[in-house]
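The values are calculated or read from the model by the stated rules, or taken from the named source; none is laboratory data. Computed from a predicted model, the values in this text were never measured in an experiment. Here Cβ is always computed from backbone atoms with ideal geometry, including for glycine, and neighbour counts include all displayed protein chains.
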Amino acid sequence: MRLSRTPVQLECETCGASLHIEADQRTAVCPYCASPSVVERPPSAHRPSPHFVLGFTMTRESALGAVKAWLGKRSLFVQSSVKTGTVDAIRGVYTPAYLYSAMAETRFAAQIGENYQETETYTTTDDKGNTVTRTRVVTRTEHRPLEGQRAAYITDVLVVASRAIHNAELEAVEPFDLRMMRRYTPAVLSGWIAEEPTMTQEECVGLARREALEKIGRELPRFMPGDSHHGLSHETHLDRETLELVYVPLWVLAIRHDPQKPPFRVLINGQTGAIHGKAPLSWIKIALAVLLVILLLATPFLVAAMRDGGAARPVARPPALAAALAEPPPEGAEPPPEGARRRSQIGGAR
């Protein structure tokens, strides 16, 4: 079921101007007197009243500085147009999300391994080649089947309620400090951009249940007894589910780097400064970097091949000729002329 997107007419309490508010917006600023206003729509089954708000603790200047540092670390492989791109005004947005909790009852089955040690006797050969008998302590594992049940309370599962932001993007900048939550009042949102939930509760419950089951799947192996386990299977039933609408603080920045392409978005956690974004990469830069690494790795082999190929190799001589050349002349004998000595050596070698 889609939510109603009917616009709302709001009268400014300061100057009396009639403002046109889009259905997905909860706040507005009067263009005539700059007074902030908050739209209070009646709750419905698919759009409940907000329960809690997490306030901004990171300033706009800090958010811009964090984005510049984040882009600087990625400037090596991002497209060159990003450096000269137009940075649209960074905006602080109170984004709707649902805080989910439930009681999880999990039935599991696994093969549990218990380690034990025993001494065994074996034969081997010593340094003198003799066969000797020795003992050693070895660790063995005994496996046994185990079935059981585990009950746990699942808390702090936060899922987005806005179609403008994917749930994976919100997960990338989590966690938020939920200890700073306070009860919702319109005054908290005054002067900020705040979006109405654009996803139904049924959709958000589905996202929350998947996250809850994934969380149980990560925790259950640590719950297993013994020294090891394998073949773990489990089935979880969620009960006593609660869903509360929360506004979370996000700094949202859109960077236009190419008139022919949509801008890429950067999200900053308004509490912790955690950043998420996917800057467009330059595949030409990546290919050149890979080629450079290959050349650097291949350089020592190329140098060695060139050195070995250019070195002079000695000419092999027959053994008899080598012995004749190495035999010293008799004492007092005059050395023969060079030509005669060469003929004599060759003749002796035959």
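Values computed for the structure shown
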read-out: Single condition LEU291 does not satisfy, out of (1) part of a strand (DSSP E or B); (2) modelled with pLDDT under 90; value: (1)
read-out: Matching entry among VAL266, VAL188 (being part of a helix (DSSP H, G or I), in contact with a Gly (Cβ under 8 Å, 6 or more places away or on another chain), of a type outside the set (S, T, N, Q) and touching a residue at least 24 places away in the same chain (Cβ under 8 Å)); value: VAL188
read-out: Filtered residue count, region 203-255, keeping only those that are within 23 Å of the chain's Cα centre (by Cα) and among the β-branched types (Val, Ile, Thr); value: 4
read-out: Criterion (at pLDDT below 95 and either part of a loop (DSSP other than H, G, I, E, B) or loosely packed, with under 10 Cβ neighbours inside 10 Å (or both)) met by exactly one of ARG150, ARG163, ARG134; value: ARG163
read-out: Hey, SER62 of a type in the set (S, T, N, Q), out of contact with any strand residue (DSSP E or B) (no Cβ under 7 Å at 6 or more places or on another chain) and at pLDDT 65 or above or not; value: yes
read-out: Number of positions in region 115-152 that are without any contact (Cβ under 8 Å) to a residue 60 or more places away in the chain and touching a Lys or Arg at 6+ places or on another chain (Cβ under 8 Å); value: 12
read-out: Residue match in region 95-109 (condition: among the β-branched types (Val, Ile, Thr), over 16 Å from MET224 (Cα atoms) and touching a residue at least 24 places away in the same chain (Cβ under 8 Å)); value: yes
read-out: Residue match in region 208-227 (condition: surrounded by 11 or more Cβ atoms within 10 Å (Cβ to Cβ), at pLDDT below 75 and not charged (D, E, K, R)); value: no
read-out: Some residue of region 247-259 being surrounded by fewer than 18 Cβ atoms within 10 Å (Cβ to Cβ) and at pLDDT 90 or above; value: no
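Yes/no per residue for (1) in contact with a strand residue (DSSP E or B) (Cβ under 9 Å, 6 or more places away or on another chain); (2) among the aliphatic types (A, V, I, L, M):
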{"position": "PRO145", "(1), (2)": "yes, no"}
{"position": "GLY148", "(1), (2)": "yes, no"}
{"position": "ALA151", "(1), (2)": "yes, yes"}
{"position": "SER162", "(1), (2)": "yes, no"}
{"position": "ILE165", "(1), (2)": "yes, yes"}
{"position": "LEU170", "(1), (2)": "yes, yes"}
{"position": "ASP177", "(1), (2)": "no, no"}
{"position": "MET180", "(1), (2)": "no, yes"}
